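Data first, discussion second: the structure below is written as structure tokens.
The values are calculated or read from the model by the stated rules, or taken from the named source; none is laboratory data. Because the structure is a prediction, the values reported are computed rather than measured. Backbone-built Cβ (ideal geometry, glycine too); neighbour counts: all protein chains shown.
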Amino acid sequence: MSDRMCLTPGAISVNDLVVEYPIYRQMIWDRFCALLGMAFPAYKPPVRRVLDRISLSIRPGETVALVGRNGAGKTSLLKVISGLLSPTAGTVQVNGRIMALLAMGIGFRPTFTGRENLVYCGLLLGLDRHQTLALIPTIVEFAELEPAIDQPLFTYSSGMKARLAFALAVAIPADIFILDETLAVGDAKFVTKCYRRLREIEQSGKTILMVSHQLGEIARVASRIVVIDRGAILYDGNMLDGLRLYEETLIDTVVEDGAHSDDSGSLRISIQIYNEHAEAVSSVNIGEQVSMVLTMEAPHDMGERFVVLRLTDIGRGQLCSYLMPSRWNTLRNQRAVGDDNIFVGAGTTRVTWEIPHWVGGEGLYSFDVYLGPPTHIATLDLSQGRFWTAVAKIAVRCKNVWLKGSSTAIEIPVSDVRIARDGRLLAPFAGTQATDESSRAA
């Protein structure tokens, strides 16, 4: 008790926290060994450590975001702080009343009405009936559920249930609010209201500890960020620097360079993206100048080939855009009809697209390359060739935190297209012969 009282209400102190979960291979036997291991440690089943000596201090009035990949240990940390999980080792000190919303609608009864569920959950959270009844008008107004509040919960949509749970959570008198992926609760108008309410809680001197995978949500709400990876704290401090580090950990796991060959190994396809300083990169910022280089390595002449690059949003699984050598010339009416057939000769053939500013929204993207027989853009037929899928992946980041989370179908602007073979620059779409002028330019 003395340890709790030495903290200011709303403060949290975590020291050398360790959380381990037993690994159950044979459920009954291993659970018996876990009980036996309390007296005889040698009988304990093997464990998986999800938090490894975490130390963290949070002051009253802070809004702290925990971010990390799935399985990093974020929810386990919230459970320990909330008192729902006992640590394996280390100490956790919390002073003040906690309102933990670790799962939307937990404790709700489907046959109760919305109003009855509010009273029921209020009792579970330590309020008496009169206290809860006094809060219900405010909760119902915030959740915008006046017409449905006296209807059975099983008639509610998932969004309505989530709004009711969030409105209850932020209405309960507490010193510390713990939220785990809880702001995806409605349309843009309601989410804006949630942000405003969280800001009011922070300004009142209360503490907010939240987990979210939505970087835009974190940027709008949090004042401090803690990046957790593999059960350890990688970063604790400024939000912008923390978001940048978290994005880099995501990029390391998702983005990988590709160099693909066909089944006979006769042709190798790869894509590399370069920034304005000619540095190979795996992530770009919105608005940044980049060069996209498609490399085809062939042991012999393969003749005329039709080339298409597809850009796909990995998260949404949707085609966003595509590039061909002459597409932007066609759009600018410099040529009546674009010719996107390229002679792929023995050796290395490269196609470089110069993109003056990247216009794709924030997210993770992959590039697929199509290479097929010559075709005409007016009678396009991609059925005879082959796609090299996920040849390259790239992450797009937005420096403006208020625009995080944006993505859209795009038309990528191209300022120039160059074709080279074995280091010699070719005249645009001129097949195998390089002009003297273009050779000197190379």
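Structure data summary
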item: Looking only at segment 233-272, and only at residues there that are at pLDDT below 55 and of a type in the set (Ser, Thr, Tyr), the one that is surrounded by the fewest Cβ atoms within 10 Å (Cβ to Cβ); result: 264
item: Filter pass, residue 17 being surrounded by 18 or more Cβ atoms within 10 Å (Cβ to Cβ) and part of a strand (DSSP E or B); result: yes
item: Of all residues in segment 345-377 being more than 33 Å from the chain's Cα centre (by Cα) and in a strand (DSSP E or B), the one that is surrounded by the most Cβ atoms within 10 Å (Cβ to Cβ); result: 349
item: Identity of the residue in segment 69-83, in a loop (DSSP other than H, G, I, E, B) and within 27 Å of the chain's Cα centre (by Cα), that ends up nearest to residue 205 (Cα to Cα); result: 73
item: Residue match in segment 313-334 (condition: farther than 23 Å from residue 420 by Cβ and at pLDDT 85 or above); result: no
item: Residues of segment 86-99 satisfying the condition of being in a loop (DSSP other than H, G, I, E, B) and surrounded by 17 or more Cβ atoms within 10 Å (Cβ to Cβ); result: 87, 95, 96
item: Residue 153 being touching a helix residue (DSSP H, G or I) at 6+ places or on another chain (Cβ under 7 Å), modelled with pLDDT of 85 or more, aliphatic (A, V, I, L, M) and surrounded by 15 or more Cβ atoms within 10 Å (Cβ to Cβ); result: yes
item: Single residue of segment 25-68 satisfying the filter (at pLDDT 85 or above and assigned to a loop (DSSP other than H, G, I, E, B)) that is nearest to residue 213 (Cα to Cα); result: 68
item: Residue identified as at negative phi and within 21 Å of the chain's Cα centre (by Cα) among 132, 182; result: 182
item: Tally of residues being without any contact (Cβ under 8 Å) to a residue 24 or more places away in the chain and out of contact with any Lys or Arg (no Cβ under 9 Å at 6 or more places or on another chain) across segment 107-132; result: 7
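Here's the yes/no breakdown for (1) surrounded by fewer than 17 Cβ atoms within 10 Å (Cβ to Cβ); (2) in contact with a Phe, Trp or Tyr (Cβ under 6 Å, 6 or more places away or on another chain); (3) in the same structural domain as residue 163 (by TED's automatic domain parsing):
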| residue | (1), (2), (3) |
| --- | --- |
| 101 | no, no, yes |
| 107 | yes, no, yes |
| 110 | yes, yes, yes |
| 118 | no, no, yes |
| 123 | yes, no, yes |
| 127 | no, no, yes |
| 132 | no, no, yes |
| 138 | yes, no, yes |
| 141 | yes, no, yes |
